[in-house]
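Enquirer: Quick one: the structure is below, and I'll ask about it shortly.
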Amino acid sequence: MAITELISALGAPGVSTTVAALSTAWPGPVLAVDADPVRGSLVPGWLSRWWVDGRITTDGVVTFAASTRRMPSVPAEGLAGHAQEVPHARHVRVLPGVLHREQTTAIDSEGWSRLASALRDLSRSGPDVLVDAGRWSPATPWPLLAEADRVLLAVRPSLRSCSGSTDLARHLADRYAAVELAVLAADSHGTADTAAVLGLPVGLTVPEDAMSAQVFSDGARIPARLERRPLWKATRRNARALHHQAHRPVRFETNAALDLLKAGNE
């Protein structure tokens, strides 16, 4: 099984939205980890409806770090009671992130290291892991990235985004073997130019589709015929491709994840 991590150099390129969408479309069991050290948004955004009604809590990274603080490393079993089932996508578990900066301070590098050991142990025989590492900052959870099988640098095909991502692109390429770009709000010309500027291969692309994105960024109602919309179609392809690269081929049921998502909105 594989650990895939997404990180960005600038704010709001769509990391959390992409992790939420990929998790929903993933063709097998998957754990979505909110490791944004500034403020997690998977639960307050994507899963806000179930957070409000109490079916999802904020127990996750913070409670895991607190309960394992006396352990040098943690097996996969240490995630029990912290990872939660996503009500509308039963193949997904989520590990909610921090909501306040003080919680990040309490986790510190050792807490991230313990989480990295648990995720690596889990990935040996359990589900795949998708990690939202948030925006590059002094608090970035580097121990998690060190355990990743693939690191995706999220960027938009604009001069501002590319220029703001050059330092992080070099930093990641120097430290990790498998670093690629996740080009968001992409078109074919912009994707090629972005790859050329940053000197990294493209791992996935997601087209601009604001209406569909709100389903995964803010828990909005599903628009009519989501299965035909650009973001969902691209995400389904991306999820299948990423899964295929780490596993033997599996049959991907085109509308299975979409049916689960719709059921959660009824």
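No lab work stands behind these numbers, since they all come straight from the coordinates. Treat the numbers as computed from the prediction; the structure is a model and nothing was measured. FYI the Cβ positions are ideal-geometry reconstructions off the backbone, even for glycines, and counts take in every protein chain you see.
Enquirer: Rounded to the nearest 5, what is the percent of antiparallel bridges among the DSSP beta bridges in the chain? It would help to have the intermediate numbers written out before the result.
Expert: Working: 2 of 31 bridges.
In the chain, approximately 5 percent of DSSP beta bridges are antiparallel ones.
Enquirer: If you average 1/r over every pair of different alpha-carbon atoms in segment 163-244 and take one over that average, what Kirkwood value in Å do you get?
Expert: Roughly 14.1 Å, rounded to one decimal.
Enquirer: Between segment 67-144 and segment 33-56, what is the separation of their alpha carbon centroids in Å?
Expert: 14 Å
Enquirer: Can you tell me the length gained on complete extension of the stretch Gln245 to Arg101, counting 0.36 nm per residue apart and subtracting the Cα distance? Please report the intermediate quantities before stating the final value.
Expert: Values: separation 144, 0.36 × 144 = 51.84 nm, distance 3.59 nm.
In short, 48.3 nm is gained.
Enquirer: Shifting gears a bit: Dividing the Cα convex hull volume of segment 68-111 by residue count, how many Å³ per residue is that?
Expert: 92 Å³
Enquirer: What residue among His189, His100, His91 has the largest mean-square fluctuation in a Gaussian network model of the chain, using Cα springs under 10 Å?
Expert: Fluctuation is largest for His189.
Enquirer: Taking amide H positions as placed in the peptide plane 1.01 Å from N, state which residues far from Gly219 in sequence (5 or more) or on other chains have amide H under 5 Å from it.
Expert: Counting only residues 5 or more places away or on other chains, the set is Trp46.
Enquirer: Please report the base-10 log of the normalised intensity I(q)/I(0) for segment 156-203, using a Debye sum with one equal scatterer per alpha carbon and no solvent, at each q in 0.33 (1/Å).
Expert: Treating every Cα as an identical point scatterer, log10 I(q)/I(0) equals -1.36.
Enquirer: Continuing with this model, one more query. Among Gly11, Gly111, Gly54, which one shows the biggest mean-square fluctuation in a GNM of the chain, springs joining Cα atoms closer than 10 Å?
Expert: The residue that fluctuates most here is Gly54.
Enquirer: For a distance above 13 Å, tell me the whole-number percent of Cα pairs in segment 102-153 that qualify.
Expert: Details: 788 of 1326 pairs.
Across segment 102-153, Cα pairs with separations above 13 Å total 59 percent.
Enquirer: Please compute, for the alpha-carbon atoms of the chain, the extent along each of the three principal axes and give them in descending order in Å.
Expert: Computed over the Cα atoms, the extents are 51, 46, 37 Å.
Enquirer: Separate question: Of the residues Gln245, Gln84, Gln214, which exhibits the maximal mean-square fluctuation in a Gaussian network model of the chain defined by a 10 Å Cα contact cut-off?
Expert: Gln245
Enquirer: Hey, another quick one. Rounded to the nearest 500, what is the 222 nm mean residue ellipticity of the chain from helices alone, with -39500 (n - 2.57) per DSSP H run of 4+ residues and division by all residues? Walk me through the numbers on the way to the answer.
Expert: Working: 10 runs with 114 residues, N = 266.
Here the helix-only value at 222 nm equals -13000 deg cm²/dmol.
Enquirer: Mind listing the long-range amide H neighbours of Leu99? Cut-off is under 5 Å, sequence gap 5 or more, other chains count too, H placed in the peptide plane at 1.01 Å from N.
Expert: It is Gly40, by chain and number.
Enquirer: Let me ask something else. Can you give the longest run of the chain that contains no trypsin sites (Lys or Arg not before Pro) sitting in a DSSP loop with at most 12 other Cβ atoms inside 10 Å?
Expert: 91-220
Enquirer: For segment 167-216 and segment 219-250, what is the separation of their C-alpha centers, rounded to whole Å?
Expert: Taking the Cα centre of segment 219-250 as reference, the centre of segment 167-216 is 17 Å away.
Enquirer: Give me the compactness ratio for segment 1-114, meaning the Cα radius of gyration over 2.2 N^0.38 Å.
Expert: Normalised by 2.2 N^0.38 Å, the Cα Rg of segment 1-114 equals 1.03.
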